[in-house]
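K.L.:
Take a look at this one; I'll ask things after.
The values are calculated or read from the model by the stated rules, or taken from the named source; none is laboratory data. Small disclaimer: the values here were computed from a predicted structure and weren't measured. Here Cβ is always computed from backbone atoms with ideal geometry, including for glycine, and neighbour counts include all displayed protein chains. Only protein heavy atoms, including side chains, enter the accessible area calculation; ligands, DNA and RNA are left aside. Shrake-Rupley method; radii C 1.70, N 1.55, O 1.52, S 1.80 Å.
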Amino acid sequence: RIDDVPTDFVITDFGSQLFIIVTQSAKIGSLIEASASDKESGIERTYEVRVLFGDRRAEHYRAYARALIELITARSSRSILLGIALNQHSKAGFRQIIREIEDRV
């Protein structure tokens, strides 16, 4: 439960990409792809977040994808595909979702 709302998580490893679903409605509302450049000496990694379909105005969904790609690339060089549909959004809920996923990957 996130912010007292039932929340489902699904994480599937496709080798070079992780498919992560976070939903409070049993649907995928937006599909977002996130990747990171290879880390080079002296140059910071750059991140790309792209909405493939869904609400392009939901900036908080991009924030989830950005936080997750930073989390994943700290451990591997995989990109992520994030399917997300939230009924409620809050800072505390954001932190809780990121922690839940961190515990599962």
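K.L.:
In degrees from 0 to 90, rounded to the nearest 10, what is the angle of the helix 91-104 Cα long axis to the longest principal axis of the chain?
P.N.:
Long axis of 91-104 versus the principal axis of the chain: about 60 degrees.
K.L.:
Select from Ile21, Ser79, Ala65 the residue farthest towards the positive end of the dipole of the stretch 10-82; place +1 on Cβ of Lys and Arg, -1 on Cβ of Asp and Glu, and compute about the Cα centre.
P.N.:
Value: Ile21.
K.L.:
What's the magnitude of the charge dipole for the chain around its Cα centre, counting Lys and Arg as +1 and Asp and Glu as -1 at the beta-carbon? Answer in Debye, nearest 20.
P.N.:
Numbers: 15 positive and 15 negative charges, 30 e Å.
It comes to approximately 140 debye.
K.L.:
How far, in degrees from 0 to 90, does helix 59-73 lean away from the longest principal axis of the Cα atoms of the chain, to the nearest 10?
P.N.:
Once rounded, one gets 50 degrees.
K.L.:
If you take every residue apart from Val10 with its C-beta less than 12 Å away from the C-beta of Val10, what net charge results, scoring Lys and Arg +1 and Asp and Glu -1?
P.N.:
Values: positive: Arg104; negative: Asp8, Asp13, Glu100.
Residues close to Val10 contribute a combined charge of -2.
K.L.:
Still on this model: Of all accessible surface on the chain at a 1.4 Å probe, what whole percent is carbon and sulfur? If you can, show how the numbers build up before the last one.
P.N.:
Details: 2900 of 6250 Å².
In the chain, the share of accessible area belonging to carbon and sulfur is 46 percent.
K.L.:
Just to confirm, what accessible area per residue do you get for the chain at 1.4 Å probe, in whole Å²? Could the numbers behind the result be given before it?
P.N.:
Details: 6250 Å² over 105 residues.
Each residue of the chain exposes 60 Å² on average to a 1.4 Å probe.
K.L.:
Only sites in a loop by DSSP and with at most 14 other Cβ atoms within 10 Å count here; which GluC sites (Glu not before Pro) in the stretch 44-88 make the cut? Present the calculation step by step, with values, prior to reporting the outcome.
P.N.:
On the way: sites: Glu44, Glu48, Glu59, Glu70; in loops: Glu44.
When the GluC sites (Glu not before Pro) of the stretch 44-88 are filtered for loop state and at most 14 Cβ neighbours within 10 Å, Glu44 remain.
K.L.:
If you take every DSSP beta bridge whose two residues both sit in the chain, what share of them, in percent to the nearest 5, is antiparallel? Please report the intermediate quantities before stating the final value.
P.N.:
Details: 19 of 26 bridges.
About 75 percent, rounded to the nearest 5.
K.L.:
Let me see the pair-distance distribution of the chain: every alpha carbon pair, 5 Å bin width, integer percents in order.
P.N.:
2, 13, 25, 26, 18, 10, 4, 1, 1
K.L.:
Which residues in the stretch 66-82 place their backbone N less than 16 Å from a point set 7 Å from the Cα of Ser37 along the Cα-to-Cβ direction?
P.N.:
Once the point is set 7 Å along Cα→Cβ of Ser37, 70 turn out to lie under 16 Å by backbone N, inside the stretch 66-82.
K.L.:
A further question follows. Between the alpha-carbon centers of the stretch 69-98 and the stretch 1-56, tell me the distance in whole angstrom.
P.N.:
Between the Cα centres of the stretch 69-98 and the stretch 1-56 lies a distance of 6 Å.
K.L.:
Hey, for a label at Arg75 modelled as a point 7 Å past Cα toward Cβ, could you say which residues of the stretch 11-38 have their backbone N under 18 Å away?
P.N.:
The answer is 11-22, 34-36.
K.L.:
Let me have the 222 nm mean residue ellipticity of the chain computed from DSSP H runs of 4+ only, each contributing -39500 (n - 2.57), with the sum over all residues rounded to the nearest 500.
P.N.:
-9000 deg cm²/dmol
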